[in-house]
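S.K.: Have a look at the structure that comes next, please.
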Amino acid sequence: MKIKLLTILLLSVSLYGQNLSEILQAFKSSKKVEVLKEQSTSNIAKSEQFDTYEIPELGFGLSQADEIDDSGLEYSVGVSHSVTYPFSSKGGVVDSDVKSIKQKLKHDIHLISLDIASKYHKACVSKEISDRARVLYKEQESRFVKLELLYDLGEISKKDLLFNKLDLVKLKQKISSYKMDHLSELGYLQEMIDNIDIQEISCNDLEVIKKDIVLEPIKEHAKITNLKYKQNSVKKLYSLNDSLFRSLSYELLYEKELGADRYTVGFSLPLDLLSSKKEKEKSEYLHKSYSLLAQEQYLSSNIKKASNASLEKIATIYDQYELLNEKILPMSLELKNLAKIAFDEGEGDVLEYLDATRSYSENLLEMLRIKQNYYDELFELYKKADLDLGEKS
């Protein structure tokens, strides 16, 4: 009865803890996200400067003329301005750069969200291991009391008693270790969220354990999309440098001389044909474009290989989990129950019953450790393949 009450209490505590959705919602307004957004905004502002025109310059000159037949004050006022790529639009370059910056921000936040989800799942499984171990300890402790009575009656040896007492003490030691694991995982989770205090987690919203996970098309991966934006930006830069005139300067000047007014209008264009600089810059952008294309192909190949490797690991871990959860653990529980019935009816050996109980406990804890391994690999796959939480099989 005490064991049932303990289990109900543990479950009721978890129901009032914070769930993953609440934690991720809090993360969106955290200082970490704010820093990332401000950095992104700063980078966008820097990129947008490329599409602005240079500021016109106002010039003013003053001089004193002293001649034999005349003397006086002379002055000049002028405006000059230089425009880069006057006959081409620079907006395409900026647009691609801004999209790349925003895509990177979105992906960075997504990766941190997956790390938070991973820590949440690890904390939940470590909590489950700790809670289950405590229930098992209570059961084993109550059985040990009976063993002491049997020892006093001379029905078991001191060796058997000490063996089971040692096993009980080891389990108690493991409980402390499991609790520390849970507190550590909870601490890691709290470190990632700076705007809420996480005391308990509900753990009623864990990802479904499944074998088959469908990957998104590689072209939709955030890193691939980001590279395409960069490729487009480089292509736009190449087109700009391929224009006939890369800059245009003009000057408007008014000069007041002794007894005369002079107005001057001037234009200047660079003679790119007399220099190899333009071709060098075009070559730079061309090879950078080829480099980004090769990088995309290399990254696509690596993402596919890493994702497929994770899928194989997940399938293997899933098979281990299912074997324990669907076959070994039920048989182990049935064996424990049969041994208990036989012992209660005086037809079974107490040591056989204890062995069956110990086997069940070990199988249960092993299944939970495999469950933890599954979630570790699952979230590695989510990050490698750029998947969202709750992807359907």
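S.K.: Tell me, in nm to one decimal, what length is gained between Q297 and Q49 on full extension, where the rule is 0.36 nm per residue of separation less the Cα-Cα distance?
M.R.: Extra length from Q297 to Q49 when fully extended: 86.2 nm.
S.K.: Next question. For C203, what residues show an amide H to amide H distance below 5 Å, using hydrogens built from the backbone and excluding near sequence neighbours?
M.R.: Amide H neighbours of C203, under 5 Å, 5+ apart: L20.
S.K.: What number, in percent, do you get for the relative contact order of the chain if the mean sequence gap of Cα pairs under 8 Å and at least 6 apart is divided by its residue count?
M.R.: Averaging sequence separation for qualifying contacts and normalising by length gives 25 percent for the chain.
S.K.: Of [x] 1.06; [y] 0.93; [z] 1.32, which is the value of Rg/Rh (Cα atoms, Kirkwood Rh) derived from the coordinates here?
M.R.: [z]
S.K.: A follow-up question, please. Ignoring everything but the protein chains, give the 1.4 Å probe accessible area of S82 in square angstrom, nearest 10.
M.R.: Answer for S82: close to 50 Å² accessible.
S.K.: If you don't mind, there's one more thing I want to ask. Please list S310, S291 from largest to smallest accessible area, probe radius 1.4 Å, with all protein chains kept in place.
M.R.: Numbers: S310 0, S291 65 Å².
So, going from the largest accessible area down, we get S291, S310.
S.K.: Step through the table entries K119/K230; K102/K235; K146/K327; K104/K278; K165/K336; K32/K99, compare each Cα-Cα distance with 28 Å, and write down the pairs that go over it.
M.R.: Violating the 28 Å limit, Cα to Cα: K119/K230; K146/K327; K104/K278.
S.K.: Let me ask you something else. Could you state the per residue volume, in Å³, of the convex hull enclosing the Cα atoms of segment 308-393?
M.R.: Convex hull of Cα atoms, per residue: 88 Å³.
S.K.: Run the simple label-point estimate for S142 and Y290 please: 7 Å along Cα→C-beta, distance reported in nm.
M.R.: 7.7
S.K.: Another question, then. For the chain, give the share of DSSP beta bridges that are antiparallel, in percent and rounded to the nearest 5; count only bridges with both residues there.
M.R.: Roughly 95 percent of the beta bridges in the chain run antiparallel, per DSSP.
S.K.: Still on this structure, I have one more. Probe radius 1.4 Å, ligands and nucleic acids left out: which of K119, K236 has the largest accessible area, and how do the rest follow?
M.R.: K236, K119
S.K.: Any idea of Y75's accessible area? Nearest 10 Å², probe 1.4 Å.
M.R.: About 90 Å², ignoring ligands and nucleic acids.
S.K.: Here is a follow-up. Which residues in segment 312-339 have a backbone N closer than 18 Å to a point placed 7 Å from the Cα of E155 along the Cα-to-Cβ line?
M.R.: Only 337-339 pass the distance filter.
S.K.: Rounded to the nearest 10 degrees, what's the angle between the helix 277-322 long axis and the longest principal axis of the chain, both from Cα atoms, 0 to 90?
M.R.: Value to nearest ten degrees: 10.
S.K.: As a test of the formula, what do you get for the chain when each DSSP H run with n ≥ 4 contributes -39,500 (n - 2.57) and the sum is divided by the residue count, at 222 nm and rounded to the nearest 500 deg cm²/dmol?
M.R.: Roughly -23500 deg cm²/dmol at 222 nm, from the helical runs in the chain.
S.K.: Say each of I196 and V35 gets a label point 7 Å from the Cα, pointing the same way as Cα to Cβ; how far apart are those two points in nm?
M.R.: 2.1
S.K.: Something else: Where does helix 350-385 land angle-wise versus the long Cα axis of the chain, in degrees 0 to 90, nearest 10?
M.R.: Once rounded, the angle reads 10 degrees.
S.K.: With every protein chain kept in the model, how would you rank I112, I129 by accessible area, 1.4 Å probe, largest at the top?
M.R.: If we order I112, I129 from most to least accessible, we get I112, I129.
S.K.: Same structure again: If I fit a long axis through the Cα atoms of helix 158-192 and take the longest principal axis of the Cα atoms of the chain, what angle between them do I get, 0 to 90°, rounded to 10?
M.R.: Between helix and principal axis, roughly 20 degrees.
The values are calculated or read from the model by the stated rules, or taken from the named source; none is laboratory data. Values in this document were obtained by computation on a predicted structure and should not be read as measured data. In this analysis, Cβ positions are derived from the backbone assuming ideal geometry, glycine residues included, and neighbour counts consider all displayed protein chains. Quick note on the areas: whole protein, heavy atoms, side chains included, nothing else; ligands and nucleic acids left out. Shrake-Rupley method; radii C 1.70, N 1.55, O 1.52, S 1.80 Å.
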